């Protein structure tokens, strides 16, 4: 302890802020990577901006939009569109309901119900749920057309399959996070796993399951409106049919119906959320 | 003196109610089933069953030859590129509108209610964003395919518009729901709106904004696959082609690549959001 020590400053030694770029700056590397990704994306896509911003495109866009007017409001066509909207709603409701049932059935093997549960099926079921979830509704619909034929039935099944994956995973999380006390109390009395679930776990998580289901229904109404583009029924099928025949007045009516449906759903969900959180 | 023995009831005391509600639900479901032509037996008709079996049988072996894999790789990159470019343009749409519609940056609202003109301007911008958002990207893509022809341009534009609306709306909500004292202090002391944004509002909410943007990027990858089905290029278009040619092996490979891509985007996005805090 004989080496002379530097006198300590009374306050913190003044330091310059770190330079903007240095090797360990995570944000810099992230930004650089992002920049490279963006530039590479634009460069590799050969986007036709010249064509899009040319006078020619502006004129064709203008002509295209002008053809929309006036929308076809003849009573028979409006009633067909209304029927399409009802079909869309029905597809989304039935699809979500099936998904809720299937999702719950899959969520049980996908969750560890209590401490001692070996849960052999947990990993494989979760893999299945992820696979169901990561294929979008539209792709499911296109696949199902082969075995279910054109029409709303394929769309309903497609919604049900995708949503089962989503809901199954959410339900499994909810079940695993539920308080374990009531279940344990029943189990030490010797009740079977089925009754423990029905009378202890389910009543606790039911509100959460309901709110997840309602939220997915809201999403599914939007999804159902466009599923028809591949031929799976609802408003989308009318849209692609009339657009394909260049009947722009009818297309405009269908588009307006779609906007109205989505807007109504948004308004309803906003309203109910406001009422519930008040 | 009698001892009461607690005994579990022999049957569910609420069974009558349960049976009633389940049957009521089934009655309500009937019109839904009619509207959606819900006929599950169609699936097991011998003719359909044969077609399905043929298609599913084609899934194995997967198509893995070099030529097809090269194509898949190229299309996968195109899908990611379309999502990235679309989201970048969506930011270009969303940021100015967010700044315009933000109530926190209002100077007249610092003292009493906001002046009428600015209030209407902000509401108008909001309605415009809602409009952009409520037309699904697939419909935008259908429209743009007509104008600019088949190819990724239509997909990029569709993502840019829908996601621009979404980002603009959610950015507005994030900025207005956060801590606004710093920003208002700056504004009260005479800083400009942009200064107040960059030194007050943005730093407070940067983490949340970035993580929402990353999440949307993940969603954009999913939708850019779907956009391929209407001719916007990428994996979706390839899948559509293979499906129309009834080539099970190619469809199976594409599905697997797609699941892997979504899982990867999910992981990257979760990791980034965690790293960003």
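Across peptide B:71-77, what mean number of C-beta atoms from other chains lies inside 10 Å of a residue's C-beta?
Counting Cβ atoms of other protein chains within 10 Å of each residue's Cβ and averaging gives 1.
With a cut-off of 8 Å between alpha carbons and a minimum separation of six or more residues, what is the relative contact order of chain A in percent?
24
Please compute the contact order of chain B in relative form: average sequence separation of alpha-carbon pairs under 8 Å and at least six residues apart, divided by the residue count, as a percent.
It rounds to 25 percent for chain B.
Name the residue, out of B:152, B:13, B:31, whose mean-square fluctuation peaks in a Gaussian network model built on chain B with Cα pairs under 10 Å.
B:13
When only alpha-carbon atoms count, how far does chain B stretch along each of its three principal axes, as whole angstroms with the largest first?
That works out to 90, 77, 39 Å along the principal axes.
Add -39500 (n - 2.57) for each DSSP H run of 4 or more in chain A, then divide by its residues: what number comes out at 222 nm, to the nearest 500 deg cm²/dmol?
Here the helix-only value at 222 nm equals -24000 deg cm²/dmol.
Starting from the Kirkwood Rh over alpha-carbon pairs, what translational D in µm² s⁻¹ does chain A have by Stokes-Einstein at 20 °C and 1.002 mPa s?
My calculation gives 90 µm²/s for D.
In vacuum, with every alpha carbon of region B:1-50 counted as one equal point scatterer, what does the Debye formula give for log10 I(q)/I(0) at q = 0.13, 0.27 Å⁻¹? Two decimals, please.
Evaluating at q = 0.13, 0.27 Å⁻¹ gives log10 I(q)/I(0) of -0.62, -0.99.
Can you give the FRET efficiency for residue B:131 and residue A:44, using 1/(1 + (r/R0)^6), R0 = 35 Å, r = Cβ-Cβ distance, to the nearest 0.05?
For R0 = 35 Å, the calculated efficiency reads 0.65.
Provide the descending list of Cα extents for region A:54-94 along its principal axes, expressed in whole angstroms.
Result for region A:54-94: principal-axis Cα extents of 47, 25, 6 Å.
Let me make sure I get this right: for region B:1-89, a, b and c are the square roots of the gyration tensor eigenvalues over alpha carbons, sorted descending. Under 1.5 in a/c it's rounded, otherwise prolate if a/b > b/c, else oblate. Which is it?
Prolate shape, in that a/c is at least 1.5 and a/b is the bigger ratio.
In percent, how large is the relative contact order of region A:90-232, given Cα pairs closer than 8 Å and 6 or more residues apart?
About 36 percent, as a whole number.
Run the quick spin-label model on residue A:73 and residue B:24: label points 7 Å from Cα toward the beta carbon, then report their separation in nm to one decimal.
The answer from the label model is 4.0 nm.
Of the candidates A:235, A:255, A:191, which one comes out as most mobile in a Gaussian network treatment of chain A with C-alpha springs shorter than 10 Å?
Among A:235, A:255, A:191, the largest GNM mean-square fluctuation belongs to A:191.
Would you calculate, for chain B, the mean residue ellipticity at 222 nm contributed by helices, counting each DSSP H stretch of 4 or more residues as -39,500 (n - 2.57) and dividing by all residues, to the nearest 500?
Helices in chain B give a 222 nm mean residue ellipticity of -25000 deg cm²/dmol.
What Kirkwood hydrodynamic radius, in Å, does region B:222-277 give when the mean of 1/r is taken over all pairs of distinct Cα atoms and then inverted?
So the Kirkwood estimate lands at 12.2 Å.
Which FRET efficiency, nearest 0.05, do residue A:246 and residue A:16 yield, Cβ-Cβ r, R0 60 Å?
0.35
Quick check on region A:90-232: what are the equivalent-ellipsoid semi-axes from the Cα gyration tensor, as sqrt(5λ), descending, whole Å?
33, 15, 11
Over the C-alpha atoms of the protein assembly as shown, what are the Rg and the largest Cα-to-Cα span, Dmax, in Å?
Expressed in Å, the Cα Rg and Dmax of the protein assembly as shown come to 27.6, 102.
Looking only at other chains, what is the average number of their beta-carbon atoms within 10 angstrom of each beta-carbon in B:255-268?
Mean shielding count: 2.
In nanometres, what is the gap between the two model label sites at residue B:176 and residue A:117, each 7 Å from Cα along Cα-to-Cβ?
About 4.2 nm, to one decimal.
What distance in nm lies between label points placed 7 Å from Cα along the C-beta direction at residue B:241 and residue B:62?
Using points 7 Å along Cα→Cβ, the separation is 2.0 nm.
Which of rounded, prolate or oblate describes region B:21-161 when judged by the alpha-carbon gyration tensor and an a/c cut-off of 1.5?
The shape class here is oblate.
Place the peptides A:263-272, B:109-118, A:143-152 in order of packing, highest mean first, counting for every residue the other Cβ atoms within 10 Å and averaging per peptide.
Per-residue Cβ counts within 10 Å, averaged per peptide and sorted highest first, yield A:143-152, A:263-272, B:109-118.
Largest first and to the nearest Å, give the Cα extent of region B:146-277 along each principal axis.
68, 37, 17
Please build a GNM for chain A, connecting alpha carbons under 10 Å apart, and tell me which residue among A:52, A:42, A:197 fluctuates the most.
A:42
Throughout, read-outs are computed from the coordinates displayed, never taken from laboratory work. This is a predicted model, so every value here is computed, not measured. Neighbour counts are summed over all protein chains in view; Cβ atoms, including those assigned to glycine, are modelled from backbone coordinates with ideal geometry.
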